[in-house]
Amino acid sequence: MTRSDSNSISRSVMRENEGILYVGIDLGTSRTSISASNGVRETVDSVVGYPRDVVSRKLLQKDVLFGQEALKNRLALDIYRPLEKGVIKHSGAAGAPSEDVSNNLEAARALIQYACSLARPEPGQLIYGVIGCPAQASIHNKQAIIEAAREVLDSVVICSEPFSVAYGLDQLNDCLVIDIGAGTTDLCRMKGSMPDEQDQITLTEAGDFIDQTLYELFQSRCPDAAFTLNMVRQVKEKHAFVTEAAEPVIATFPVRGRPTEFDVTNEIRRGCNAIVEPIVQAIDRLISTFDPEFQDRLRGNVLLAGGGSRIHGLDRALEEALRPFGGGRVRKVNEPVYAGSNGALKIAYDMPVEAWEQLR
Ligand SMILES: Nc1ncnc2c1ncn2[C@@H]1O[C@H](COP(=O)(O)OP(=O)(O)OP(=O)(O)O)[C@@H](O)[C@H]1O
Ligand SMILES: [Mg+2]
């Protein structure tokens, strides 16, 4: 155990005695994860569903459903995915219809509340949360997240998602974190103090972008087959790779109602590779504008997190593509699902009292 681990744990014991539950929340487009000071770690798909009418309300016996349960019953529900590109939908758009804004804000609030309920706080226990949001979320977006958290948390701090990943792994110095989510890929270089705008780049080339690219490639490869974006994502999550496939990737899609097999190995490789070039360009930009004395240390310590980091061979493909730019060492984090929320929890332990924004 490192010294900072033991520090965090002793702080955790001390702070739990204060009657406060600390939580770290990774509020993602596709998935929301929570790590709590009572040891609970949970994750839920970022989907909120409300029964459409009295019939569906009677059938489902609930006012609101979340995650997989909402998706399973989606035909009977009004479905919201409140976080688009990692920020609350429409919260940055001045001209968006106000009903849409308030509906998405309400869905985000419900989602944060549900995530906190998964952490099983004691009745009456105060909840202090650190919420990770995309690196370049505007002040306006952050305010929307604080608004959504207001009724659920007693105190909140918003931090950038890649920063929380780095903090959780004790990589605060000379490290470049790349968080490949659904809506965005967030890159953040760590220099031993809070990152500012120049230290962060957000790309839209992430999981959803790969899904869309694969969908188009599959349409050319299997023109008669019927499939949805969701089915394409499932194939991707099972087989994603960028270097050499150990065996062919076979997808089964119906053709005029008959299940038919297609070899989509090349399409998967091409689709997943579509994020490599933009990521390498962004890495190069962050390294080349860093203090020249520390550039080599930064390029030697690139960390991949987020669901997209599970693409087989992505670390090696990035190293290969970085060669003409001076090379680099790329590693994947061990726990892509909880790296963000674990880091946010660690920030919560270490946060000085005056830094917390009191919500009530
Ligand atoms: N095994 C896998 N291979 C490739 N991609 C995967 C795999 N598992 C999950 N993904 C993709 O990772 C993305 C979700 O990652 P993650 O859960 O980190 O995103 P998020 O935090 O919800 O999104 P964001 O950070 O953009 O708000 C989705 O696009 C998903 O399809
Ligand atoms: Mg994320």
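The values are calculated or read from the model by the stated rules, or taken from the named source; none is laboratory data. Remember, predicted model here, so these are calculated numbers, not experimental data. A quick note on method: Cβ atoms are made from the backbone with ideal geometry, for glycine too, and the neighbour counts reach across all protein chains shown. Remember, those area values only see protein heavy atoms, side chains included, never the ligands or the DNA or RNA. Shrake-Rupley method; radii C 1.70, N 1.55, O 1.52, S 1.80 Å.
Quick grid of which residues meet (1) in contact with a strand residue (DSSP E or B) (Cβ under 8 Å, 6 or more places away or on another chain); (2) of a type in the set (S, T, N, Q):
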residue	(1), (2)
Gln234	no, yes
Glu244	no, no
Val255	yes, no
Cys272	yes, no
Pro278	yes, no
Asp284	no, no
Pro292	no, no
Asp315	yes, no
Gly326	no, no
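Name the residues in segment 268-301 that are among the β-branched types (Val, Ile, Thr) and over 21 Å from Ala182 (Cβ atoms), would you? Ile287, Thr289 - these are the residues of segment 268-301 that are among the β-branched types (Val, Ile, Thr) and over 21 Å from Ala182 (Cβ atoms).
Return a yes/no flag: does segment 19-31 have any residue that is charged (D, E, K, R), at pLDDT below 50 and either more than 14 Å from ligand 1 (Cβ to nearest atom) or crowded, with 19+ Cβ neighbours inside 10 Å (or both). So far as segment 19-31 goes, no, none of its residues is charged (D, E, K, R), at pLDDT below 50 and either more than 14 Å from ligand 1 (Cβ to nearest atom) or crowded, with 19+ Cβ neighbours inside 10 Å (or both). For the condition outside the structural domain of Val232 (by TED's automatic domain parsing), under 24 Å from Val44 (Cβ atoms), at pLDDT below 95 and open to solvent by 50 Å² or more (accessible area, probe 1.4 Å), Glu122 qualifies.
Counting the residues of segment 40-57 that are open to solvent by 20 Å² or more (accessible area, probe 1.4 Å) and within 16 Å of ligand 2 (Cβ to nearest atom) gives 4. Inside segment 213-247, residues that are open to solvent by 40 Å² or more (accessible area, probe 1.4 Å) and over 23 Å from the mean Cα position of the chain (by Cα) make up a count of 10.
Which of the residues spanning segment 283-308 are under 22 Å from Pro195 (Cα atoms) and within 16 Å of ligand 1 (Cβ to nearest atom)? Passing the criteria: Leu303, Leu304, Ala305, Gly306. Regarding segment 189-212, can at least one residue be identified that is within 27 Å of Leu71 (Cα to Cα), open to solvent by 10 Å² or more (accessible area, probe 1.4 Å) and of a type in the set (A, V, I, L, M, F, W, C)? So far as segment 189-212 goes, yes, one or more of its residues are within 27 Å of Leu71 (Cα to Cα), open to solvent by 10 Å² or more (accessible area, probe 1.4 Å) and of a type in the set (A, V, I, L, M, F, W, C).
Residues are listed down the side, and each one gets a yes or a no for (1) touching a residue at least 12 places away in the same chain (Cβ under 8 Å); (2) under 17 Å from Asp174 (Cβ atoms); (3) buried (at least 21 other Cβ atoms within 10 Å of the Cβ):
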position	(1), (2), (3)
Asp284	yes, yes, no
Thr289	yes, yes, no
Val302	yes, yes, yes
Gly306	yes, no, yes
Gly313	yes, no, no
Ala321	yes, no, no
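Taken together, the residues in segment 156-188 that are among the polar types (S, T, N, Q) and surrounded by fewer than 20 Cβ atoms within 10 Å (Cβ to Cβ) amount to 2. Quick one: would you say Ser309 is within 14 Å of Leu187 (Cα to Cα), at pLDDT 95 or above and not aliphatic (A, V, I, L, M)? Taking the combined requirement at face value, the residue satisfies it.
Conditions tested, residue by residue: (1) within 24 Å of Gly24 (Cβ to Cβ); (2) within 16 Å of ligand 1 (Cβ to nearest atom); (3) part of a strand (DSSP E or B).
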| site | (1), (2), (3) |
| --- | --- |
| Val44 | yes, yes, yes |
| Tyr50 | no, no, yes |
| Ser56 | no, no, no |
| Lys62 | no, no, no |
| Leu71 | no, yes, no |
